[in-house]
Structures are given as C-alpha cells and as structure tokens.
Amino acid sequence: MENFVMYCKSFSGDKVRLQSLVKTFNKYNKDAIKLYISVPEADIDLFWEYKNKHVEVISDESFCRAFMTDKPVNGIRPGYINQEICKLNFYRTGVCRNYLCLDSDCLFARDFYKSDFMYDDNTPFTVLIMDKDLSIEKFYHNRYWVPRLEYIKSIYNAVGLKDSRLRTCHNSQVFNCEVLASLYNDFMIKHNYSYIDLMKIGPYEFTWYNAYFQKCGLIKELAVEPFFLTFHMQEQYYFARLKNLDLKDISYSYVGIILNNKWDSGTPYEYEPINNIEQIFNNEYLKNPRILEDCSNLIHAKYKKLHWAQLFFINILACFILNRSKRKQFREKLKYLFAN
C-alpha cells in the first residue's frame, strides 16, 4: 500500500481536459507518484491510452457501484453527484493511505514531489481556508458565495462542528483514508446516512471531508493554502493575464492551476501564452504617461483626483472584461495608437 497517490475522477466529456492534466502530470512528476483515473465502465475504453507505469485507469463501479445514483439530487444531475461520491470512496480501493483528489481541469505547472502534499510519510498537508478574498468578488458573491455558505453551514451543523471560521476548500484536497473510513463507519452508519443523503444536505464533497476531519481529530492538522491556483471566474483569468502573470510566476507559490471548465464563454484547455495586446497593456500602458494622456478621453473628469494609471487600469479592466464590444474598441484603439 502506498502512503500517497493522486486520484482523478473523469468521464468521456472531460477527456480532452484530462489529456492536458495527464501530460503535465507525466512531465513534472519527480517522485514516481501514481495517478489513478476512474471513469464509468461505459467510457473506460476511451481512456486506456493514458495508462503507463505511473498512471492507472479503473472503473468507478469497481469500488463505488453500491453508493451511486441514477436520479438527480436537489436538481443536480446524477453524473455530478456520482463524481462527488466517487471522490469520497476511492479509499475503498485499498491502494493508499492518502490521496490528492484532482479534477480533470487541473494542470501542473512545475516539478512536484510528495513533500509538496505530505508533511511526513503519514501526515498530509490539509487545505483549510476561509476564502475571504473570493467571497468579496461582486460577481461571485451573490451568484455562488451566498448559497455555498449556506451549504457549508449545513454540513458543519450535520457533523456537529462548531467553528465560525467555516474553513474548507473548493478542490484538490489530500484525503486521508482513515478519516474517510471513519466518516462512513462512525458518522454515516450511526446516523443512517447514505452518501446521497450527504449530498442532499450539501453537495460539497470536499467540505464533508474537511468538516469531519476537523471534528474527528484522527490525524494531526497541518493546514495550508491551496496547492493549485483556481481561476473560478473568467474575470480572474483575464486579470492575471493583464498583470502579465505567466505559469512561471504562478509556480512560485503553486504546483499548478485549475481553469474552471464552467465559464459561460468556454474555458481554454491550457493557460494561454500572454499575447501582444496584454503585453502592451502591462508594459506600455501602465508605464507610459504619454499613452495615458492620449487616452484621457476615456476617463470621466470627475475621477481626476485619482492617479492616471489607476484610472486607466480601472477603465480598461471594465472594457476588457465586462463588455465585449468595448473590448473590441480597446483593441482597435491599441492598434491605432501603436501604428502612429
């Protein structure tokens, strides 16, 4: 039995994204860590090509058949619910003591080692955060944060954890198998809960683990910030690129990135190279007073108290992110300015 492996639940609809994950896993895996990919039995033939000495492909049903559903839960489709249940049950394979639970939209950005995820051979680092920075994002707050917070509170109440910090994570947690076994044997059986019942209370598999982990105290808590930088919203992705952040910059603090595959306008499969427009914005617009003055007509006079760079940055962010027609105008303006 391995002390530490990685696990990814996938399916045919995520095959292209998984290809990018496996590619970066193979490239940066410096400790010969094993990656287990589970998919529905009906899809498994599509994934054999990813199998190698460090990557195994198994079926969801081989370890989770008894716990899965074919019906929606609180309006959430069965496939989504089942992937959450699979993540909480991979421990039943008996292949490891701890596993990093990945999603298909994860990408590694630098060399990684077991020590990035494990304090020692037996003790994992555990991602536990309050998410204050994300909770204040205006777009995210009302649409996602408010309902998410209510579910987190419900899960905390269910396990009897009284902690106003409500620490959890969105993804990519190191699950300890002893904790998961106790969740089932000492909590779920006691309360006559199925995994489907858990998802009815709150459809957040990572929060079920995190809340019970803190409640049961079976292993030492070594809390850390996320291993991956997650771009929850497309706006965050554009903001990072406007700041000229590339993967090398990100890898100073993270092992990789997650590009949320639910963006309304479509999510890229990889972190795209910084293009000329974004380089011009970062290297020229924010550092060149002449260009700032040339574009002063874009800024309303009532904002004169602010620094030009601040004003222009705010204005261009609005053009670049919030309104596609203005974004096009901005690009045309750039082309005109730098052609003359």
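The values are calculated or read from the model by the stated rules, or taken from the named source; none is laboratory data. Model, not experiment: these values are computed from the prediction. Positions of Cβ are backbone-derived with ideal geometry, glycine not excepted, and every protein chain shown enters the neighbour counts.
The figures follow:
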| read-out | value |
| --- | --- |
| Elements of type helices (runs of 4 or more DSSP H) in the stretch 1-98, at least 1 residues being closer than 23 Å to residue 202 by Cα | 61-64, 78-89 |
| Residue 97 vs. criteria farther than 23 Å from residue 222 by Cβ, surrounded by 14 or more Cβ atoms within 10 Å (Cβ to Cβ) and at pLDDT 95 or above | no |
| Subset of the stretch 123-142 (residues that are over 22 Å from residue 207 (Cα atoms) and either touching a Leu at 6+ places or on another chain (Cβ under 8 Å) or not basic (Lys, Arg) (or both)) | 139 |
| Of residues in the stretch 116-135 being out of contact with any Lys or Arg (no Cβ under 7 Å at 6 or more places or on another chain) and free of Cβ contacts under 8 Å to residues at least 60 places away in the same chain, the one nearest to residue 22 (Cα to Cα) | 120 |
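Quick grid of which residues meet (1) of a type in the set (Val, Ile, Thr); (2) surrounded by fewer than 17 Cβ atoms within 10 Å (Cβ to Cβ):
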| site | (1), (2) |
| --- | --- |
| 22 | yes, no |
| 25 | no, no |
| 29 | no, no |
| 39 | yes, no |
| 48 | no, yes |
| 58 | yes, no |
| 64 | no, no |
